[in-house]
1. Would you check if C:Ala115 is among the small types (Gly, Ala, Ser), in contact with a Lys or Arg (Cβ under 6 Å, 6 or more places away or on another chain), within 29 Å of C:Gly37 (Cα to Cα) and surrounded by 14 or more Cβ atoms within 10 Å (Cβ to Cβ)?
2. Can you tell me which residue is surrounded by the most Cβ atoms within 10 Å (Cβ to Cβ) among those in the range C:56-91 that are more than 9 Å from every other protein chain (Cβ to nearest Cβ), closer than 24 Å to A:Lys294 by Cβ and among the polar types (S, T, N, Q)?
3. Here are A:Phe141, A:Phe112, A:Phe145, A:Phe104: which of them is at pLDDT 85 or above, buried (at least 17 other Cβ atoms within 10 Å of the Cβ), more than 13 Å from chain B (Cβ to nearest Cβ) and within 30 Å of B:Pro40 (Cα to Cα)?
4. Here are the criteria: (1) within 30 Å of A:Gln28 (Cβ to Cβ); (2) at pLDDT 90 or above. Tell me which single one A:Thr285 does not satisfy.
5. Is it fair to say A:Val92 is outside any loop (DSSP other than H, G, I, E, B) and farther than 22 Å from A:Leu345 by Cβ?
6. May I ask you to say which residue of B:Phe255, B:Phe297 is open to solvent by less than 20 Å² (accessible area, probe 1.4 Å), at the interface with another protein chain (Cβ under 9 Å from one of its Cβ atoms) and under 24 Å from A:Ala137 (Cβ atoms)?
7. Here are some conditions: (1) closer than 24 Å to A:Val109 by Cα; (2) buried (at least 22 other Cβ atoms within 10 Å of the Cβ); (3) of a type in the set (A, V, I, L, M). A:Met351 meets all but one. Which one does it not meet?
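The values are calculated or read from the model by the stated rules, or taken from the named source; none is laboratory data. Please read all numbers here as calculations on a predicted model, not as lab measurements. In this analysis, Cβ positions are derived from the backbone assuming ideal geometry, glycine residues included, and neighbour counts consider all displayed protein chains. What goes into the accessible areas is simple: the full protein's heavy atoms, side chains included, and nothing from ligands, DNA or RNA. Shrake-Rupley method; radii C 1.70, N 1.55, O 1.52, S 1.80 Å.
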Amino acid sequence: MLRFVGGRLVQIAITFFLFLTVVFFLFQAMPGDYTKQFIMNPRIPPAAREALKVRLGLTDSVWGQYVNYVRNVFTGNLGLSFEHYPREVWDVIKERLPRTAILFLVASVMAFVWGFPLGRYIAWKRGQTLDYTITVAGVLFYTIFTPLLALMLLFVFANQLGWFRTGGFLTPRLWLTPPSSPQSIFIWLAATLAGLGTWAVLARFATRRIGHPRPRRLAQRGLVVVGVGLAGLGWWASGLGPFAWDIVWHMFLPVLAVTLIAFGGDMLLMRDSMLEVIREDYITTAKAKGLPDKVVRDRHAARTALLPLVTSFTLSIGFVVSGGIVTETMFSWKGMGLTYLNALLIQDYPMAMGCLIFTGILVLVAHLVADLLYAVLDPRIVY
Amino acid sequence: MTDRTPAQYAITPLWKMRLRLLARTSRQNWSLFWESRIGPVGLLIIGLFLLAMVAHPILISTVWEPRVYDPVMGFDRALIGRHPAPPSWSHPLGTDPIGRDVLSQLMWSARSAFALGVTAAVISVVIGTLIGAVCAYFGGVVDVVFMRLADLVMLFPFIALLMVLRSVLPLTLIRLALILGALSGLGGITIVLKSQALTVKVKPYIEAARVAGGGSWHIIRRHIIPNIMPLTFLYMMFNVTAAIFTEAVLSFFGFLDIRMSWGVMINTAQQAGYLGAFGHYWWLWAPAGAAITLLCFAFYLVGRGLDAVVNPRLRRR
Amino acid sequence: MALLTVQDLTMHYRTKLGGVHAVDGVSFAMAEGEAIGLVGESGCGKTSVAMALLRLLPDNAQILGGEILFEGRDLVKLSEHEMRKVRWRSISMVFQAAMNSLNPVYRVGQQIIEAIQQHLSVSEREARSRVAEHYNLVGLDPKLMDRYPHEYSGGMKQRAVIAMALACSPKLIIADEPTTALDVIVQDRILRRINEVRAEFNMAMMYISHDIAVIAEVAERIGVMYAGWIVEMADTVSVFKHPAHPYTIALMSAFPSIKGDKRVLAQLPGEPPNLLAPPSGCRFHPRCPHATAECVDEAPRLEEIDKGHFVSCWHPQRRSQ
């Protein structure tokens, strides 16, 4: 196991290095190189220009610059952002990454929670009209043009019904004199969500031993409601409740959009995976053992069919930045995707490179996690 | 069939036998495809888009005055000052902010969507099939190199990357098709097709062909590739969806050098500031968005229908 | 009283091309503790009969008629809920592909305990010791029960599957090609073990195989199936010594023997019939060397030609081998 992780880490390092190289030379090849803007500026006196050249490292050869860049990245120095000058790129990412992460994590979990049982259900009822209807709906959600979905959601829920805001991260009017910075409130919000998630999982575990399904479900739901109530009480007591609620309010539509798209994919994958598992002999054996249908479906078929879903779930987390570009733009949600797009549009190259590099890291880590998770879930795989 | 003597078989020319065999398997496959129910629906939608594509030049040369209805250069002077105009008899889907007919643009753009989707998909599966077959057959260094390359390519978020690439070289439709095809061909598809080719490689008929003195290339060309072809075809459908979607997203953000496409149509509306008004100017984004969605949807359905043909484990029985 | 009486069982598979007559008018009976064998080519309906007994037929299968009386109750008429109680508790099965009949993601012992706890109200600990007992019985180390299926060898998996079939002490165990995938030595050892256990616990056993030699070793009576029919049924010795149906004779002579005179291995001409449109009259007539007009026109019935020796043929042969 340790050997496997070690080996994978070496592989990851090599791949990451190649990725860095490609990103560097890609930006190097861009016309209208940002450094030239300083160098060519006629108002800068020649002496200062030479000093600037040395400071920017432009007197080095391309290779020298490259080595410098790689060294900087590996020491955690991503440079300064042009747009947010004099903030560091890393500082901006630190602010934006949680917003994207929360948006996509919440949506992915919700999509999984809905997609997994529904996919399981329609696979069990295969060939019936219901199966076809839900499959087609799933394909539609999966292939819908994201801006179209966003526009439709905005049109219906924000414009027509007026339930939600049309976009942004918060309502400026409310935040004229905030008791705390939006960022710290958001981080607390994220912590609350993580806590509630853990609480729900724990509640499930704690009630596992209750024999009858009905009291078990009741106990689970009761515990979850208590958890949510406690969290709400905590926020109310802190006096920050309205502010936190404002952020949640703004998050609603983007989360819904991402959930719908991811839900289609999860459900279809689960259905196909189930259909393959159902044909296995051990499912017949389970039926022959006289187990109830539900037990055969959930404990025997779904458990094995879950494996590819977990992989795809983990891998999708790695692509939040590129996936976020469209959604975050449509809902003006200032996360990594929107930051990346803006950086490209206004030629804030250090920022754009920083975002790309971060995407690379996320994807690599997601791949590793997927491998490890697979080993945990599938006893056949031993590293 | 059973009452034929060997002599009669000998008389039947080989091509006739092959043709008959082909006819029979395609009939079987078609009925499986038909049974999937969703495959034919996708095919029907694709057919409608093809129809729109063919109808456009006919309409332009008969009833639609090119000066008014040209998808890129057209302008309706009769409605001057009132663009974007809502749907009317002369413009069934209205006009865009600079006075061009939306329906005409919609129909015209089907052509570029098909061209892009099909080109990118064909390139990707050709690359994927070749590399997959070669990697599976030879293994060793070739295999390692291409598999690592595939890992690296899969690491890149395509859309984010193409947005950068566009400042290095202007992305025309053809270039986009080539790049998308190459990227997805070298990436995930290679891995899938290689694992399929590996299962083919261990089949007895490969051994038989080798014993009979078949060269490596002969075996790859005549035995391995034809046997991974069904899967190749399946992935082609999914790739068409991916390519059309990517093009639409990129041109929606105005990152492509394409004069007209569904994505460009929504981009035009956004540039002119009409997207914020939602329902009031729905004809500027809804038809184009629906067209992108429907065509992606259709190719994906066809892909799933083919899946039922190719993958026996997904069949109903 | 017979433990199991199958009366005129008829079952079709609905397909796009029409109904496949997989099992047609099959009748036989089994006494408690008896071991019988069903033999026939693949596709003759022997597995369909087994699956019909457990009512585990695929969705497109349909029992058109007949009854399956098990301990006096007709299984065909039971509700799904009642049938679930019969499965494994009264009738269990060793499946054709034992290799794949264990779920790869659960420990083997757990899968057996699951079956025990479904049917008998015992604690986890009692169930475990029961599994350990049965592991000993089939010659497996009880320590292995906490391992996963992929950690077992082929022979070990087969034994585990047999232990699983014994777990609830059922009245009848159906073994569908229980040893086909194993090498000959292991096969023999396992068959012997099954037979000993069966005798010890007085369980009835139904073996299903295409290999009449395997069946002969363990079964007291043999039924020969052809194209959805039972064409001959008798005790093992009679089937071997005086086979009466031309198909049985052909089946017997397809096996080489090291005893007796040198003889040519008979080959049946033609192929098994297409069950979408089975031949008229006797289903064997297109391949039968003794077929007459009668065979083409009318189907023979299963008749007793000797005590306990049933044959379904217009021209039963009187030949000893």
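1. Details: among the small types (Gly, Ala, Ser): yes; in contact with a Lys or Arg (Cβ under 6 Å, 6 or more places away or on another chain): yes; within 29 Å of C:Gly37 (Cα to Cα): yes; surrounded by 14 or more Cβ atoms within 10 Å (Cβ to Cβ): yes.
The answer is yes for C:Ala115.
2. Per the stated criteria, the residue is C:Ser90.
3. Working: A:Phe141 fails: more than 13 Å from chain B (Cβ to nearest Cβ); A:Phe145 fails: more than 13 Å from chain B (Cβ to nearest Cβ); A:Phe104 fails: within 30 Å of B:Pro40 (Cα to Cα).
Every option except A:Phe112 fails the conditions.
4. (1)
5. On the way: outside any loop (DSSP other than H, G, I, E, B): yes; farther than 22 Å from A:Leu345 by Cβ: no.
It is false that A:Val92 is outside any loop (DSSP other than H, G, I, E, B) and farther than 22 Å from A:Leu345 by Cβ.
6. Numbers: B:Phe255 fails: under 24 Å from A:Ala137 (Cβ atoms).
That would be B:Phe297, the only listed residue that is open to solvent by less than 20 Å² (accessible area, probe 1.4 Å), at the interface with another protein chain (Cβ under 9 Å from one of its Cβ atoms) and under 24 Å from A:Ala137 (Cβ atoms).
7. The failed condition is (1).
This table checks each residue for (1) open to solvent by less than 60 Å² (accessible area, probe 1.4 Å); (2) part of a helix (DSSP H, G or I).
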| position | (1), (2) |
| --- | --- |
| A:Leu202 | no, yes |
| A:Arg208 | no, no |
| A:Val226 | no, yes |
| A:Gly234 | yes, yes |
